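Heads up, the thing below is written out as structure tokens.
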Amino acid sequence: MGRIKLIKYICEPNFLNKNHNPALITTISNSKLSASINHKGAELISLQHIDSKREYIWEGNPKHWGKHSPVLFPIVGTLQNNSYAYKGKNYELTRHGFARDLEFILVHKKKNKVVFSLQKNKTTKTIYPFDFELQITYSLKNTELSITYTIINNDTETMPYSIGGHPAFALAEDFETYSLQFEPNEKLISYQLENDLLSNNQQEIKLIDNQLPLTYSLFENDALIFKALQSKQIQIIENKVPFLNFKFADFPNFGIWTKMNAPFLCLEPWVGYSDVLTTNGNIMEKEGIQLLESNSTKEYHFSIEIL
């Protein structure tokens, strides 16, 4: 896929977002759904059903967690000592990378589709020395929101990266009335974190008829982290009725997370994950890292279907 040509900057007027911070927001819609995206981080902050007015994305109340659906790039999770080595030089890079904190440019907008772009700049070069572009596309069709991450390496060097989504879904009912429906024959092996790094300690998460009943106790030790899943879609079940289908066929790794007593659940499709405890710090040898050749492009796609 070639790069999308930059076009005139199109956006809605400034207004206050859910956390009452001035922000540029762009909204797309069709006859079924509307989706709003903050230009900071190209972060999905709202997904609403037109008729029912139900909101599916967590409101971002900082009492629990002040984000909605951050994009994780160029790393997922945490590096040992928040740093990595590349060609004999050390670079500092904080948890989940920098994309979620930077302003994206709106390069294309239609009623039901929008494309954002983030490119290397002087700031990113000091912590990630590559000539990259990250495009994020949101598009609506019927009752489904599709999200595509397009990573472009404009550098002369092979570029290491990870990328992931972190959407938090608002839960209107008591947490323990929910469950997750996996595809048949799924066996959940979760890897536990130790000082925010991935250990070799594994835990099998038991399913009941391919369903995982949700309890806060599942998250006492932080997220459930899966290096591999057989399932390529997961349904959220509310009071025994499916209301959302999450599809993520392009993502080999996955996280599930919430905060204790918080009314949301994060389903996180990843390519990559935190450093393992035995890492040597070399970004090119990091477990789970992806390597994109010079002048190459890679796409990843996931979607949220309202049932």
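Just so it is clear, none of the values below were taken in a lab; they were calculated from the coordinates. These numbers come from a predicted model, not from an experiment. Using ideal geometry, Cβ is built from the backbone for each residue, glycine included, and neighbour counts are taken over all protein chains shown.
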- [ ] Would you mind putting 160-172, 282-294 in packing order, based on average other-beta-carbon counts within 10 Å, highest first?
- [x] 160-172, 282-294
Task: Those lysines that a straight Cα-Cα span of less than 23 Å connects to Lys110, excepting residues fewer than 8 apart in one chain - done: Lys5, Lys8, Lys32, Lys40, Lys53, Lys141
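Can you tell me how region 258-307 classifies by the Cα gyration tensor, rounded, prolate or oblate, using a/c under 1.5 as the rounded cut? It would help to have the intermediate numbers written out before the result.
On the way: a/c = 4.89, a/b = 1.38, b/c = 3.54.
Oblate, since a/c reaches 1.5 and b/c is not below a/b.
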TODO: For region 158-210, evaluate the Debye formula with one uniform point scatterer on each Cα (no solvent term) and list log10 I(q)/I(0) at q = 0.16, 0.26 Å⁻¹, rounded to two decimals.
DONE: -0.85, -1.09
Open item on the list: If each residue of separation counts as 0.36 nm, what is the full-extension length gain between Lys187 and Thr215 once their alpha-carbon separation is subtracted?
Closed with: 8.2 nm
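Go through 129-135, 204-210 and give me the packing order, highest mean Cβ count within 10 Å leading.
Working: 129-135: 19.1, 204-210: 11.6.
Result, highest mean Cβ count within 10 Å first: 129-135, 204-210.
Give the calculated FRET efficiency between Thr158 and Glu103 to the nearest 0.05, with a Förster radius of 35 Å applied to their Cβ-Cβ distance. Walk me through the numbers on the way to the answer.
On the way: r = 28 Å, r/R0 = 0.79.
Here the calculated transfer efficiency is 0.80.
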Task: Among the listed pairs Lys120/Lys286; Lys187/Lys247; Lys109/Lys259; Lys111/Lys247, those beyond 27 Å (Cα-Cα) - done: Lys109/Lys259
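Treating only the Cβ atoms of Lys and Arg (+1) and Asp and Glu (-1) as charged, compute the dipole magnitude of region 34-163 about its Cα centre; round to the nearest 20 debye. Numbers along the way, then the final one.
Numbers: 17 positive and 12 negative charges, 41 e Å.
Result for region 34-163 is approximately 200 debye, rounded to the nearest 20.
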Task: Vicinal HN-Hα couplings computed from phi for region 51-65 (Karplus, 6.51 cos²θ - 1.76 cosθ + 1.60; Hz; Gly/Pro x) - done: 7, 7, 6, 5, 9, 9, 9, 3, 6, x, 5, x, 4, 10, 6
Open item on the list: Nothing charged except the Cβ atoms of Lys and Arg (+1) and of Asp and Glu (-1): what's the magnitude of the dipole of region 206-289 about its Cα centre? Round to the nearest 20 debye.
Closed with: 240 debye
Task: Backbone N within region 174-195 under 16 Å of label point (7 Å from Val241 Cα along the Cβ vector) - done: 174, 177-179
Task: Unit charges at the beta carbon, dipole of the chain: most positive-side option, Ile234, Ser52, Tyr86 - done: Ser52
Open item on the list: Treating only the Cβ of Lys, Arg, Asp and Glu as charged (+1, +1, -1, -1), what charge dipole size does the chain show about its Cα centre? Round to the nearest 20 debye.
Closed with: 1140 debye
Task: Built amide H within the under 5 Å cut-off of Ile57, gap 5+ - done: Leu47, Ala170
- [ ] Rank Phe175, Leu224, Tyr138 by how far each Cα sits towards the positive end of the charge dipole of region 121-231 (+1 on Lys, Arg Cβ; -1 on Asp, Glu Cβ) and give me just the farthest.
- [x] Tyr138
Task: aspartates and glutamates with Cα under 17 Å of Lys206, excluding same-chain neighbours fewer than 8 positions away - done: Glu176, Glu183, Glu186, Glu220
Open item on the list: I want to check the label-to-label distance for Ala85 and Lys110. Put each point 7 Å from Cα in the C-beta direction and report it in nm to one decimal.
Closed with: 4.9 nm
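Gln202 to Asn280: FRET efficiency via 1/(1 + (r/R0)^6), r the Cβ-Cβ distance, R0 25 Å, to the nearest 0.05? Can you show the working numbers first?
Details: r = 22 Å, r/R0 = 0.89.
Computed FRET efficiency for Gln202 and Asn280: 0.65.
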Open item on the list: Which residue, Asn282, Phe116, Thr158, has the largest displacement toward the positive end of the dipole of the chain when charges sit on each Cβ (Lys, Arg +1; Asp, Glu -1)?
Closed with: Phe116
- [ ] Using just the helices of the chain, give the 222 nm mean residue ellipticity in deg cm²/dmol: DSSP H runs with n ≥ 4 each add -39,500 (n - 2.57), and the total is spread over all residues, rounded to 500.
- [x] -500 deg cm²/dmol
TODO: With a cut-off of 17 Å, note down the residues of region 240-258 whose backbone N falls inside the zone around a label point 7 Å from the Cα of Asp174 toward its beta carbon.
DONE: 240-241
Task: For the chain: rounded, prolate or oblate by the Cα gyration tensor [a/c cutoff 1.5] - done: oblate
- [ ] For Glu194, list long-range residues whose amide hydrogen, built 1.01 Å from N in the peptide plane, is under 5 Å from its own amide hydrogen.
- [x] Ser199
